[in-house]
Amino acid sequence: MTYIVTERCASNRYTDCVADCPVDCFYEIQDPHMLIINPDECIDCDACVPLCPVNAIYPEAEVPEEYEEWTPKNDAAACTDDNRITETVGSLDGAHSIEEVKQKEEEKFGNPLADPSSAAN
Ligand code: SF4
Ligand code: SF4
C-alpha cells in the first residue's frame, strides 16, 4: 500500500504534512500546484494524515471513489531530488479551509466526501 495526496491539496499546498514524515517522501508538483507522495518510498506510517489542515491524504485503500484518479498522480516518476520537500514552507496564497474544500465537494459531487479515518479534524 501507500498513502495518496488527493485533489484537496491542489492549489492549497499547506505543507504541514512534511514535518513528521520519517522518510521525506513528499514532492512538489506544479500542475496542479500541490504535493504528492512517492509510493516507492512511503512506509505507511500514517504520521502525515492528521497534520493536513484539509484532510487531503488518504491511505490508498481509503481513497474516495471520486478521487481515484489521484492515486496514479502520486507517481514515483514525478519525484526527483529537485522537487523533494522536507520542510514546512506555508500554504499557497488563497489556500482554502476544510469547510471551503467540503463545500466545493458538495457542489461537485452532491455531498462532501469522507475524511481519512485517522484525520484530526
Ligand atoms: S498538508 Fe495537506 S494540503 Fe498541505 S501539502 Fe500536505 S497534503 Fe497538501
Ligand atoms: S504515511 Fe508516513 S512515510 Fe508515508 S508519506 Fe505519510 S508520513 Fe511519510
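Derivation of every value follows stated rules applied to the coordinates shown; laboratory data play no part. If you're wondering where the values come from, they're calculated on a predicted model, not measured in any experiment. Cβ coordinates were reconstructed from backbone atoms using ideal geometry, including for glycine residues, and neighbour counts include every protein chain displayed.
Brief remarks follow.
- For region 26-83 versus region 107-121, the inter-centroid distance based on Cα atoms is 16 Å.
- Cα-based shape type of region 55-103, given that a ≥ b ≥ c are square roots of the gyration tensor eigenvalues and the cut on a/c is 1.5: oblate
- Helix 98-109 and the longest principal axis of the Cα set of the chain meet at an angle near 70°.
- Selection of GluC sites (Glu not before Pro), region 46-97, meeting DSSP coil and at most 10 other Cβ within 10 Å: Glu87
- Cα-based shape type of region 1-92, given that a ≥ b ≥ c are square roots of the gyration tensor eigenvalues and the cut on a/c is 1.5: rounded
- When shorter helices are ignored and each DSSP H run of at least 4 residues is given -39500 (n - 2.57), the per-residue value for the chain at 222 nm works out to -3000 deg cm²/dmol.
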